[in-house]
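Comments concern the structure below.
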Amino acid sequence: MKKTLTFICIFCFLLVITGSTFATPADSLKLWFKRPAANWNEALPIGNGRWGAMVFGRVGQERLQLNEESIWSKSDEYRDKKGGHKHVDRIRSLLFQGKYQEAEKMAVEKLMSERLPSGTNTYQTLGDLYMDFEGIDHYTDYRRELDLYDATVLTRFKTGKAWHTREVFSTAVDQAIVMRATASQPGQITCSLELTRPGEGEVVKVAGRMLVMTHHLSDGKGVKFETRVTVFTEGGTVSIENKKLVVNNANSMEIRLVAGTDYFGGNPEQLCDEYQSHLNGRQYEEILKDHITDYQRYFNRVDLELPVSEAVGFATDERIDAQKRGVYDPSLTALYFQFGRYLLISSSRPGTLPSNLQGIWADGLNPPWNSDYHININIQMNYWPSELTNLSELHIPFLEFIGRLRENGRKSAREIYGVRGFTAHHTTDVWHFTTSFGKPQYGLWPMGAAWAATHIWEHYLFTEDLDFLRSYGYPVMREAALFLSDFLVKHPETGKLVTGPSMSPENVFIAPDGQRSSVTMGPAMDLQIVRHLFNGCIKAAEILNTDAAFRKKLQSQLDNLTPAMIGHDGRILEWSDERLQEALPGHRHISHLYGLYPSNEYNWNNSPEYMKAAEKVLEYRLAHGGGHTGWSRAWMLNFYARLMDGEKVWENLNALWAKSTLPNMFDNHPPFQIDGNYGATAAIAEMLLQSHAGEVHLLPALPGALPSGKITGLMARGGFEVNITWENGRLKDSRIVSRLGNPVKVRYGAKVVTYELAKGDAIFLDANLRKLQAD
């Protein structure tokens, strides 16, 4: 309490010396800034699921950096190492003998692709729209903001006696990016518009009031696209100069951008025609209204109310920077949480590609890690908040993407490992390659498809969508489980089943001979993924009344699977063998705690010894510098939420803001990766509601720094929509609605009660979980 009061006093002092004013609650859902973006990490993102931009809010030369989700280059096909399966038994034998270096060398030579996709296939910017405004030499009263409530970016400033306002958004209804520039005095808007790309042969032409860019990436092997920028004005004139559109002395200017690609088989030109045809005759106000209505049908499902502190009076970048000094800012939690939901709504909609390493927002032709789909945690983390924060439909693009890996994944399973089913390794892209490549410490990990497939089961637990499970979900899960079933082998010393050859993602160990290696048999995370997927498959098959023989086999293998091992120091072992020592004790991946989160293998009710061992893992990792990347810190938040340690959640959330958050609130690896935003959003929800242990657990990890608040619309497994109000650090009341008609077991602290509910029934509970009323 003393520490909290100190933070508040420091903050009040800062308010006095800066002259900031107290903000209204309406500002609590806005990211706002006092100056234009100096670089990309200060710009603000907009998107409709597939078509987005980074808005810089510059006064003289505005920039919209444009992204369309399918703008991907393509090089040659990626091939699995031929005949790799012939060498798997020998590699396993060497590993069982403790000859790690020899086994790893052979695995690289015989199992891993010589061709490295990294740096060849990559997500790319579509280009930039630059608007050079004339007659604005000096300006005052500048403000730009992203309003999370209506998904618009607004820039406003004063020059001379005229106020200028520029509003921009990306609408899913009309599949367009729309911008309007207005001024409080007539004839104030004069600018030139130019469409560019930092690239390799794109063609730009001008037709009437329209700029058109076309290009076919990778000399015709990648994606082909077309984008169009159409200008409408009130008053003034529009002319053409050197492939630019020039607006002179207009009262207002509206810009509409559309883009189409051939990635899904369409014709880019025809798609742009369709989008423009849909826009024809529609007024700006109508387009904006429909955009807001469409966006809010997702966003408004969940509301998080926390005390609006004086911190809201500061610009967002100042609030983030203040975290480095330990300033107490509880309402930043709600802003960050809702920003994460905004990003998912803006980068993942039904029918789109899944959100990639940067969502849909990436600059240039060579973004970090190709802005691809890393499936050894990153894309999974992108979707951690989807079900819990009531955005289940937005999970579907990822779930469908998993199924598209099957064709290549079957080939990889057969060619590399000689088994059935399908597999994928540490990363993939929109062309769905599944092969093992690169270095063994990240590339020889065949568990990507299996981990991803557990998301299908989680989706079912929240929705109980039987049609989805029967027609699509279970077949994909089954095929991923079939790979693991065939891949398991008996350990000659213990007689227990293990996976391998494999590794613990991106980590290395020190073998008994003192040499560093990565490849081993039965790393802890592999076995936890096996348990997660097999248990889900067995239950799904029971629900569907199918596959009795297969589920019997999976159960038999589960019964004989190597258990998670706890070392002499009380920590869960990462490599299931205490002779293998950590080479990097502060490593960013904490893979051996998969059973704690995102899986439900460990909980305080059923496995307290593993919960205590997990705590010791985290203490050791943090003491040695762990959590130093944004996404790793976000994973820490979820671990501590599951451990029901609210103070550690808050401590690590503050560390995330202070060390790994960019001025525009993007997560910083570094550089920018969006997974940390999503992971922390999930963790904020997990500290308020959990349901993985068969109970709807209210306020399981509430930190003392958030003594009062209210959240509405969170979802629990079993199809329960949950509202929670708390005061003075304790539950005040909760409303639970059953969407599916399941009985609900509710926990708060040590108290547990069960209520029978019909579909659509709601119960209102007090602090003692007594029913107050039915409605």
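Structure data summary
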{"item": "Answer from 746, 737 - the residue that is in a strand (DSSP E or B), crowded, with 21+ Cβ neighbours inside 10 Å and under 30 Å from the mean Cα position of the chain (by Cα)", "result": "746"}
{"item": "Some residue of the range 554-577 being closer than 16 Å to residue 623 by Cβ, out of contact with any helix residue (DSSP H, G or I) (no Cβ under 7 Å at 6 or more places or on another chain) and surrounded by 21 or more Cβ atoms within 10 Å (Cβ to Cβ)", "result": "no"}
{"item": "Unique match (being open to solvent by 20 Å² or more (accessible area, probe 1.4 Å), over 25 Å from residue 31 (Cβ atoms) and touching a residue at least 60 places away in the same chain (Cβ under 8 Å)) among 658, 701, 623, 693", "result": "693"}
{"item": "Test for residue 637: is it in contact with a helix residue (DSSP H, G or I) (Cβ under 7 Å, 6 or more places away or on another chain), open to solvent by less than 30 Å² (accessible area, probe 1.4 Å), closer than 22 Å to residue 717 by Cα and part of a helix (DSSP H, G or I)", "result": "yes"}
{"item": "Flag if residue 489 is surrounded by fewer than 22 Cβ atoms within 10 Å (Cβ to Cβ), in contact (Cβ under 8 Å) with a residue 40 or more places away in the chain and closer than 17 Å to residue 92 by Cα", "result": "yes"}
{"item": "Given (1) open to solvent by less than 20 Å² (accessible area, probe 1.4 Å); (2) within 21 Å of residue 384 (Cα to Cα); (3) part of a strand (DSSP E or B), number of the condition residue 685 does not satisfy", "result": "(3)"}
{"item": "Checking residue 670 against (1) open to solvent by 20 Å² or more (accessible area, probe 1.4 Å); (2) modelled with pLDDT of 95 or more; (3) not in a helix (DSSP H, G or I), the condition it does not meet", "result": "(2)"}
{"item": "Some residue of the range 482-490 being part of a helix (DSSP H, G or I), within 22 Å of residue 409 (Cα to Cα) and either of a type in the set (S, T, N, Q) or modelled with pLDDT under 95 (or both)", "result": "yes"}
{"item": "Hits in the range 612-626 (condition: more than 10 Å from residue 593 (Cβ to Cβ) and touching a helix residue (DSSP H, G or I) at 6+ places or on another chain (Cβ under 8 Å))", "result": "622, 626"}
{"item": "Residue 249 farther than 26 Å from residue 164 by Cα, open to solvent by 70 Å² or more (accessible area, probe 1.4 Å) and polar (S, T, N, Q)", "result": "no"}
{"item": "The range 49-65 residues that are open to solvent by less than 10 Å² (accessible area, probe 1.4 Å), paired with ones that are assigned to a loop (DSSP other than H, G, I, E, B) and of a type in the set (Lys, Arg) (beta carbon under 6 Å, 6 or more apart)", "result": "49/349"}
{"item": "Test: residue 102 is crowded, with 19+ Cβ neighbours inside 10 Å, of a type in the set (D, E, K, R) and modelled with pLDDT of 95 or more", "result": "no"}
{"item": "Residue that is modelled with the lowest pLDDT, among those in the range 133-149 that are of a type in the set (D, E, K, R) and surrounded by fewer than 17 Cβ atoms within 10 Å (Cβ to Cβ)", "result": "137"}
{"item": "Tally of residues being out of contact with any Lys or Arg (no Cβ under 6 Å at 6 or more places or on another chain) and either among the aromatic types (Phe, Trp, Tyr) or within 25 Å of residue 721 (Cα to Cα) (or both) across the range 363-399", "result": "20"}
{"item": "Any hit, the range 361-375, residues being out of contact with any Gly (no Cβ under 9 Å at 6 or more places or on another chain), in a helix (DSSP H, G or I) and open to solvent by 10 Å² or more (accessible area, probe 1.4 Å)", "result": "yes"}
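The values are calculated or read from the model by the stated rules, or taken from the named source; none is laboratory data. Computed from a predicted structure; not experimentally measured. Using ideal geometry, Cβ is built from the backbone for each residue, glycine included, and neighbour counts are taken over all protein chains shown. Heavy atoms of the whole protein, side chains included, go into the accessibility calculation; ligands, DNA and RNA do not. Shrake-Rupley method; radii C 1.70, N 1.55, O 1.52, S 1.80 Å.
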